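What follows is calculated from the coordinates using simple rules that are stated; it is not laboratory data. Note that this is a predicted model, so its numbers are computed, not measured. Heads up, the Cβs are rebuilt from the backbone with ideal geometry, glycines too, and the neighbour counts pull from every protein chain shown.
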Amino acid sequence: MHEMSVVMSMIDICEKHAKGKEIETIVVNIGKLSGIEPHFLESAFEIFREESKICKNAKLHLNIIDIKILCLDCQKESIVEDYNFYCPNCKGSNTKTINGKEMYIDHIELKD
């Protein structure tokens with residue numbers, strides 16, 4: 001479960017940016033093609049936040065990012081439904097994924 005190492009790195013990054021202040025919320029964007037399982041990420045976060053003075057009471061908020069493709073034939077962008085990577089406009093298969101692979105910390109909210 002690589003989500004454990006992702007959470008450990010995420011907490012480390014948040015601690016460095018919080019500069020000693022307690023973190024209230026960590027907002028993370030996760031693409032549907034990122035290879036990260038949101039449920040496992042949340043479970044790992046619950047375990048590892050206990051080891052951090054700064055993140056101990058933090059909440060994790062996940063934004064799930066849809067898969068977006070660009071059709072290289074008709075130049076239309078569209079959201080992928082049911083992992084169907086064909087262009088809904090021209091029905092072509094010459095597509096490029098432009099969203100949905102990412103995973104990053106969007107922002108952290110600090111306690112006053």
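Kindly provide the helix-only [θ] at 222 nm of the chain, computed as the sum of -39,500 (n - 2.57) over DSSP H runs of four or more divided by all residues, to the nearest 500 deg cm²/dmol? Don't skip to the answer; put the middle values down first.
Details: 2 runs with 27 residues, N = 112.
It lands at -7500 deg cm²/dmol.
Mind sorting Met10, Met103 by how few other Cβ atoms lie within 10 Å of their own Cβ, fewest first?
On the way: Met10 24, Met103 17.
Ascending Cβ contact count within 10 Å gives the list Met103, Met10.
Counting beta carbons within 10 Å around each of His107, His17 and listing the fewest first gives the order His107, His17.
The modelled label-to-label distance for the pair Asn84/Glu50, using points 7 Å beyond Cα in the direction of Cβ, is 4.5 nm.
Using a 10 Å cut-off on Cβ atoms, rank the peptides 55-68, 75-88 from the highest mean neighbour count down. Working shown, then result.
On the way: 55-68: 15.7, 75-88: 12.9.
Highest to lowest by the protection proxy: 55-68, 75-88.
So if R0 is 22 Å, what FRET efficiency would Lys16 and Asn57 give, r being the distance between their Cβ atoms, rounded to the nearest 0.05? The formula returns an efficiency of 0.75 here. Only one of (i) 30; (ii) 41; (iii) 45 was calculated from the structure for percent of Cα pairs over 21 Å apart, and its label is (iii).
Applying a 4.7 Å Cβ-Cβ cutoff to the chain leaves Cys14, Cys55 as cysteine residues with no disulfide-compatible partner. For the peptides 42-53, 90-101, the ranking by mean Cβ contacts within 10 Å, running from highest to lowest, is 42-53, 90-101. Taking label points 7 Å from Cα along the Cα-to-Cβ direction, Met4 and Asn29 give a separation of 3.0 nm. Taking other residues whose beta carbon is less than 13 angstrom from the beta carbon of Asn94, and scoring Lys, Arg as +1 and Asp, Glu as -1, yields +2.
Axis angle, to the nearest 10 degrees, between helix 3-18 and the longest C-alpha principal axis of the chain: 60 degrees.
Computed about the Cα centre, the dipole magnitude for the chain is approximately 300 debye when only Lys and Arg (+1) and Asp and Glu (-1) carry charge, each at its Cβ. Relative to the longest principal axis of the Cα atoms of the chain, the long axis of helix 38-48 makes an angle of roughly 10 degrees.
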